[in-house]
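The values are calculated or read from the model by the stated rules, or taken from the named source; none is laboratory data. Fair warning: this is a prediction, and the values are worked out from it, not measured in the lab. Note that we place each Cβ from the backbone using ideal geometry, even for glycine, and neighbour counts take in every protein chain shown.
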Amino acid sequence: MFALICELLSAWAIPLVLLLIPLAGYLRRVRVYEAFVEGAAEGFQTAVRIMPFLVAMLVAVGVFRASGALDDCVALLKPLLSVFGVPPELVPLALLRPLSGTGALGMTTELLASEGPDSLIGRMASTILGSTDTTFYILTVYFGAAGIRNPRYAVVVGLAGDITGFFMSIYICRLLFSP
Amino acid sequence: MINLIWLLLLAGGIFYAGSTGRIEAVTPSAIAAAENAVTLAFKLTGVMCLWLGMMKIAERAGLVRLMSFIIGPFIRRIFPSVPPNHPAMGAIVMTVSANMLGLGNAATPLGIKAMQELQKLSRDRETATPAMCTLLALCTTGVTLVPATVIALRAAAGSTDPAEIVGSTLAVGLVAATAALTVDRICRALYGGRGR
């Protein structure tokens, strides 16, 4: 029942927002079309502004992945992290999560297919994907759009969130779903 | 710090590829990533225009004020340096709302907007302010009530209960956000001592 509500909600969330905001605006006598266009105009300069930042970050991450360094980091970390009760299958996801959103999404899809979505590992992977975000992408895009070149300690803060999210996902899923 | 990480990823990757005989993988991956960045930026533009347009309607209709009324007290406590009536506050409120509802593609444009509004409060154009770092902490962890993408993925993989991870995701999100905000406070105190 709850699952059905959530599924409905995830299908309806965006259509509802797109419906309710203009509707509420119209009822409050906002010139909805004109307001929309005015707001949307601000969106364009952003693309041009974030491009150099995105190129810099994606190239570095892309080269790092293609060199095989990421895969070997994973191999190195697997035995180390298994001491802390981290399933080795989840280590690649942990390293990829802050670097690449599409990469992490693909890896989770793979894990769900190979381990099954209702396995403990499948649930852990789902929780990791749902509760953390692509820190480096957010950092690049958000700060790039504002023209910030020096993010100071923001990287540390974002990664602290990711690391906590990863370990907590494993801990809480064990607690909730272990037979 | 970002300089070192960037160099480490790029130079480390090239050295590693060279030493393991994969040097020919570097050029195509660098070029593909650069092209990909531009495509991504343009894709984001469309979504950005859509949600900023919606945001403007929501602003004029007083919906932003309504959301501020609900989660504003909490947000104001986390962002003490932002004046309550500044547009940045409204943008932050909308970003956090979109994150909570799991509206991933709305959260990014609104977060960018919030960052640009925070920039207007900053004196140094190129360096992140403490409020910006706090916003990043909130956005990279984020308390998600409906992790829509994950539920869809699980349903597609044939799960008997795709939404069963809602509870664990929410719990982890809360803990991770608390951790990120705590580290943010500690870093703010540490860096604050160095002048800026």
Considering every residue within the range A:3-20, establish whether at least one is exposed (fewer than 15 other Cβ atoms within 10 Å of the Cβ), at pLDDT 85 or above and either within 19 Å of the chain's Cα centre (by Cα) or at the interface with chain B (Cβ under 9 Å from one of its Cβ atoms) (or both).
yes
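Of all helices (runs of 4 or more DSSP H) completely enclosed by the range B:1-84, which ones contain at least 1 residues that are of a type in the set (K, R)? Spell out the reasoning first.
Details: elements: B:2-19, B:26-60, B:63-78.
Here the list reads B:26-60, B:63-78.
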Could you grab the pairs with beta carbons closer than 8 Å, sequence gap of 6+ or different chains, first residue in the range A:24-44 and more than 11 Å from B:M55 (Cα to Cα) and at the interface with chain B (Cβ under 7 Å from one of its Cβ atoms), second one outside any helix (DSSP H, G or I) and of a type in the set (G, A, S)?
A:A24/B:A61; A:R28/B:A61; A:R28/B:G62; A:V30/B:A61
In the set B:T134, B:T169, which member is of a type in the set (S, T, Y), in a helix (DSSP H, G or I), facing chain A (nearest Cβ under 7 Å) and buried (at least 24 other Cβ atoms within 10 Å of the Cβ)?
B:T169
Residues of the range B:95-148 classified as hydroxyl-bearing (S, T, Y) and out of contact with any Gly (no Cβ under 6 Å at 6 or more places or on another chain), total:
6
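Consider A:E89 carefully, then state whether it is surrounded by fewer than 17 Cβ atoms within 10 Å (Cβ to Cβ) and out of contact with any strand residue (DSSP E or B) (no Cβ under 8 Å at 6 or more places or on another chain). Working first, answer last.
Numbers: surrounded by fewer than 17 Cβ atoms within 10 Å (Cβ to Cβ): no; out of contact with any strand residue (DSSP E or B) (no Cβ under 8 Å at 6 or more places or on another chain): yes.
No.
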Can you give me the ranges of the helices (runs of 4 or more DSSP H) entirely in the range A:69-179 with at least 1 residues that are over 30 Å from B:V38 (Cα atoms) and in contact (Cβ under 8 Å) with a residue 60 or more places away in the chain?
A:154-177
Quick check on my filter: what residues within the range B:21-51 are among the β-branched types (V, I, T) and more than 18 Å from the chain's Cα centre (by Cα)?
B:I23, B:V26, B:T27, B:I31, B:V38, B:T39
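Against the definition (touching a helix residue (DSSP H, G or I) at 6+ places or on another chain (Cβ under 7 Å) and within 19 Å of A:R152 (Cβ to Cβ)), how does B:P130 come out, yes or no? Walk me through it before giving the result.
Details: touching a helix residue (DSSP H, G or I) at 6+ places or on another chain (Cβ under 7 Å): yes; within 19 Å of A:R152 (Cβ to Cβ): yes.
In short, yes.
What residue, among those in the range A:138-179 that are among the basic types (K, R) and at the interface with chain B (Cβ under 7 Å from one of its Cβ atoms), is surrounded by the fewest Cβ atoms within 10 Å (Cβ to Cβ)?
First pass over the range A:138-179, keeping only residues among the basic types (K, R): A:149, A:152, A:174.
Now drop any that are not at the interface with chain B (Cβ under 7 Å from one of its Cβ atoms), which leaves A:149, A:152.
Details: A:R149: 13, A:R152: 21.
Within the range A:138-179, the match that is surrounded by the fewest Cβ atoms within 10 Å (Cβ to Cβ) is A:R149.
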Sort through B:V150, B:V183 and tell me the only one that's in a helix (DSSP H, G or I), at the interface with chain A (Cβ under 7 Å from one of its Cβ atoms), over 14 Å from the mean Cα position of the chain (by Cα) and under 22 Å from B:I75 (Cβ atoms).
B:V183
Conditions (1) within 8 Å of chain A (Cβ to nearest Cβ); (2) part of a helix (DSSP H, G or I): number failed by B:T160
(2)
Out of B:T141, B:T127, sole residue that is facing chain A (nearest Cβ under 7 Å), hydroxyl-bearing (S, T, Y), surrounded by fewer than 24 Cβ atoms within 10 Å (Cβ to Cβ) and touching a residue at least 24 places away in the same chain (Cβ under 8 Å):
B:T127
Pull up the range A:108-137, narrow it to residues that are more than 19 Å from B:S168 (Cβ to Cβ) and crowded, with 24+ Cβ neighbours inside 10 Å, then point me to the one that is nearest to the other protein chains (Cβ to nearest Cβ).
A:T135
